[in-house]
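Down below is the structure, laid out as structure tokens.
The numbers here are math on the coordinates, done by the rules we state, and not lab data. In this text the structure is predicted, and so the values were computed from the model without any measurement. Positions of Cβ are backbone-derived with ideal geometry, glycine not excepted, and every protein chain shown enters the neighbour counts.
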Amino acid sequence: MGGYHGAICAPSRVILMNDKSLYHVYDKLDGVKTMPMHFAESGYETFGTEKWHNKAPSFEASFQYGKNVFIGGTADYFNRPVRDLQKNGKLRELVKKGYSSDLFADAAIDCINGYAEREKDNPFFYYIVSSEPHDPCSPRCIVVVVLPARSSW
């Protein structure tokens, strides 16, 4: 549907999180019933990790659990400032932890493993979003150097 500014990821994420079109929510979720809220009311466990374009209060109102949550737009992929959702439902202070894709994948894996260990009967709704492939594209750089055997140098 486009957006009110050049970046269309923020309004696209907002549209996915509620039942309104862009022109009825702009690109903010404060005071709006979100998809995770709906799932929680239906007995689902809700978890979020990674990018949340809206402010902390809308994340806190939407999810029961959250780990490595980034509130904002574009930031350093290699030293991502993230927060965890505490038991009191509030996000902790920012901590710069490391490479974003690793942080979010690890948070999702930990959450799924934790769910399996608790042998929960209720279903789950997990919101797992990656920052990539936003520009500038910053995939982890892996350099492989193959050297010939020393005798052939």
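Couple of notes before you dig in:
- Estimated FRET transfer efficiency (residue 9, residue 116; beta-carbon r; R0 41 Å; 0.05): 0.85
- Kirkwood radius for the stretch 44-127, taken over all pairs of different Cα atoms as the inverse mean of 1/r, rounds to 13.0 Å.
- Zero-based 5 Å bins, Cα pair distances in the stretch 7-97, whole percents: 3, 15, 24, 24, 19, 11, 4, 0
- Within the stretch 70-128, GluC sites (Glu not before Pro) in DSSP loop having at most 13 other beta-carbon neighbours inside 10 Å: 93, 119
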